[in-house]
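The values are calculated or read from the model by the stated rules, or taken from the named source; none is laboratory data. Not measured: the values here are computed from a predicted model. In this analysis, Cβ positions are derived from the backbone assuming ideal geometry, glycine residues included, and neighbour counts consider all displayed protein chains. We work out accessible area using only protein heavy atoms, side chains counted, and drop any ligands, DNA or RNA first. Shrake-Rupley method; radii C 1.70, N 1.55, O 1.52, S 1.80 Å.
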Amino acid sequence: MSEQKYTYWLRSGIYSGLQKAAVLLFGIGSVLVLTRTLPIADMGTWNLFLIFTAFIEVIRHSLIKNAVIKYLNTSDKAEHAAIHSASFALNCITTLVILLLIVAFIGPAGRLLKAPSLAGTMYWFLPGLLLLIPFSHFEWVQNSNADFKGIFWAYLFRQGTAFGLIIISLLAGVHINLTLLAIYYNVGILCGALVSGLFARKYLTGRTKIDLAWTRKLWHFGKYVFGTNISASVFRNTDQMVISYYLSTASVALYGVCLRISNLVDVPSQVLADILFPKSAQMMENGNMEKVKFYYEKAVGAVLAIGLPVSLVVLLLPRLVLYIIAGPEYQVAAPILQITMLYGLFLPFIKQFGTIMDSIGLPKTNFAVTTITAVCNIFICWAFTRYFGLMGAAYGTMTSYGICFLITQVILYRKIGSSLSNTFRHMILFYPDIVSVLQQKILLKWKAR
């Protein structure tokens, strides 16, 4: 395959890939440090805190992000000021509603999950929640323009600042606790928002144009994506919530470390989802369904080509990986890590399914599939964990992902004509193709000298 066919992916993907890699590496770095610093029960509570904050960001992104990207890429430039204003207004309203819900319900939630320190840690996060308003607005504006450079630097400063403060505290002999971690988390958001604003300002219209029609339009598109992503988030976190309820926060810590490691496979999928959505939205606008099919199969094939070797290494050496990343106390989770790595291979198919459904104007289908499988996952994980303990949660989640994979493949075949054979063909061809592209680039640079 020619270099030209990879140009879009390489150019757009490098900064998006670096951003996701930075988030992952700082996450792994924090695991390396905190598993050796915090008591295992506090580490479990911190995992629950990260689940709740990630859930909050999913809510805000779901209602606004995809709608902004879609309409900024398919609407006349004269409408952009109204779209920006409508997205910012929805951003503010959504964030304030979430803040009130946290204040009202985080206490009972902490008691239900047997995590008494969770409520206090979430209260310290509230200033950071407000800082997410400008941070996310700047991110969405850049994402809409397929400019990932500023997003990379914003996340690098956000994650790097929080991680750097942890390291400085340890070197200074400061005792790390959950409150301090929440404060550092907020400082990271502040630094990220300032950096993101510098890069996003060239895309901001500088005009405020409140248009209720556009606000309603963004809301009506976003409500299905919102429901879908809420269901997806429930799907991905049900196992940890059930573990906390039935077992303990210490068990959550063991399971959470395994999920952090298995997320290595999911990073390329996140990168290509950011790139694929605006591209497939444009193809759909032009009525080119064959191109949509091509981009889906190519994206999943590329993700599998990158993720499969990593998965095999972890599957063969789970105890060694856990010892390096989390320390000897967490090695007992080796069987769980193997299961999470296996079901992580379903994620590229499922995640790109959602991206394609949203971009071709079928968010209702995506919502229905994700919601049904999320509800099934609650009952499956509940039953498996209740009768088989910690391993049951892993087996239950793998069962649910298998069901979701089968459903999504049938729908994709009917809607865009995709096939697994084409996907695996792209996976195999990825290796020689990417080597060829890199060789051509190196040769061109050599000739230029």
Over segment 373-417, average the accessible area per residue using a 1.4 Å probe and give it in Å², no decimals. 50 Å²
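Highest mean first, how do 250-257, 117-124, 212-219 rank when packing is the count of other Cβ atoms within 10 Å averaged over residues? Walk me through the numbers on the way to the answer.
On the way: 250-257: 25.5, 117-124: 19.6, 212-219: 16.1.
Highest mean packing first, the order is 250-257, 117-124, 212-219.
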Would you mind checking segment 96-128 for residues with the amide N under 20 Å from a putative spin-label position 7 Å along Cα→C-beta of VAL174? 120-128
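Once Rh for segment 82-175 is found with the Kirkwood sum over Cα pairs, what is the Stokes-Einstein diffusion coefficient at 4 °C and 1.567 mPa s, in µm²/s?
On the way: Rh = 15.8 Å.
Rounded to a whole number, D works out at 82 µm²/s.
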Anything over 23 Å Cα to Cα? Flag those among LYS149/LYS202; LYS291/LYS351; LYS20/LYS351; LYS223/LYS298, in the order listed. LYS223/LYS298
Within segment 178-205, list the residues whose amide N lies under 17 Å from a label point set 7 Å along Cα→Cβ of VAL33. 178-192
So for each of 52-60, 240-248, 135-143 I average, over its residues, the number of other beta carbons within 10 Å; can you give me the resulting order with the highest mean first? 135-143, 240-248, 52-60
Computed accessible area, PHE367, all protein chains, 1.4 angstrom probe, square angstrom: 70 Å²
Using only the alpha-carbon atoms of segment 117-256, report the extent along each of the three principal axes, biggest first, to the nearest angstrom. 48, 38, 25
Just to be sure I understand the model, the point goes 7 Å from the Cα along the line to the Cβ. What's the resulting LEU194 to ARG386 distance in nm? 5.2 nm
To the nearest 0.05, how large is the calculated FRET efficiency for LEU362 and LEU429 if R₀ is 25 Å and r is the Cβ-Cβ distance? 0.30
Just order 173-181, 230-238 by mean Cβ neighbour count inside 10 Å, highest at the front, would you? 230-238, 173-181
